[in-house]
Amino acid sequence: MIKAKTKGSLIVISGPSGVGKDTIVNKLIKSNPKLHKAVNYTTRAKRKGETEGLDYHFITTEEFKEKIKDNQFLEYAKVHHKWYYGVSKEETIDKLNKNINVILIVDIAGAKSIKELIPEAIFIFLLPPSIQELKQRLKQRGTETKVDLFRRFKTAYQELNEFSKYNYVVVNDEITASIHKINAITIAHKSRVDRIEELDIDSLEELLHVDLVD
């Protein structure tokens, strides 16, 4: 008998601002009820169309710092020198132990911290079809000032050089295709040798129809 480990998989998504991380993850959640999105905490203001507890937990900087003191984050970071983002440690570990796949969005530094704690996680980097397309997507959002846009462009350029540190790269040129690729990656991960917990040689021998000779 081949028995797979019953612990859920942690799927870590990173990529530059404007590449479509939130859109991809939200659609993945809707298409797969067995996938849980870790709702990050953030100190930035809520954008139009975002929902508290669904997109993010929006809290004050003071509240965030209290959670840091209490060691409540799996990882956290200050992004663009302005806002804090953090992943709940308790929520993530609890879901994984219940054999629920958890997907979360973090920046480069966050992914590095998580890799040190949970090296078996699936690390996926989302790339834009081109730099010009990325710039256009950011401008179309209309949520940043010119100074913020310049800062995001500069950060995006630096982040694009980090993709080689991830397990997988997905170019987000078409949402549906990107979702199919991420689903395929997750399914393939379930079959990794290091996820096999128990292997019965007799059953494997029968399965392969192999006769062993002394």
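Points to keep in mind about this one:
- Long-range HN-HN contacts of Asn99 with modeled amide H, under 5 Å: Gly8
- All-pairs Cα distance distribution in the stretch 116-160, expressed in whole percent, bin size 10 Å: 23, 43, 21, 14
- Look at the alpha carbon pairs under 8 Å that are at least 6 residues apart: their mean separation over the length of the chain gives a relative contact order of 33 percent.
- Working from the Cα coordinates of the chain, the gyration tensor eigenvalues give, after taking √(5λ), semi-axes of 36, 21, 15 Å in decreasing order.
- Stretch in the chain that is longest and holds no GluC sites (Glu not before Pro) that DSSP places in a loop and that have at most 16 other beta carbons within 10 Å: 51-119
- Dipole size of the chain about its Cα centre, with +1 on Lys/Arg Cβ and -1 on Asp/Glu Cβ: approximately 1520 debye, rounded to the nearest 20.
- Percentage of interatomic Cα-Cα distances in the stretch 1-126 larger than 22 Å: 33
- Zero-based 5 Å bins, Cα pair distances in the stretch 67-167, whole percents: 2, 10, 19, 20, 18, 14, 10, 5, 1
- The angle separating the long axis of helix 21-31 from the principal Cα axis of greatest extent in the chain is about 50 degrees.
Every number here is computed from the coordinates shown, using simple stated rules; none is lab data. Being a predicted model, the structure only gives us computed values, none of them experimental. So basically every Cβ, Gly included, is an ideal-geometry build from the backbone, and we count neighbours across all protein chains shown.
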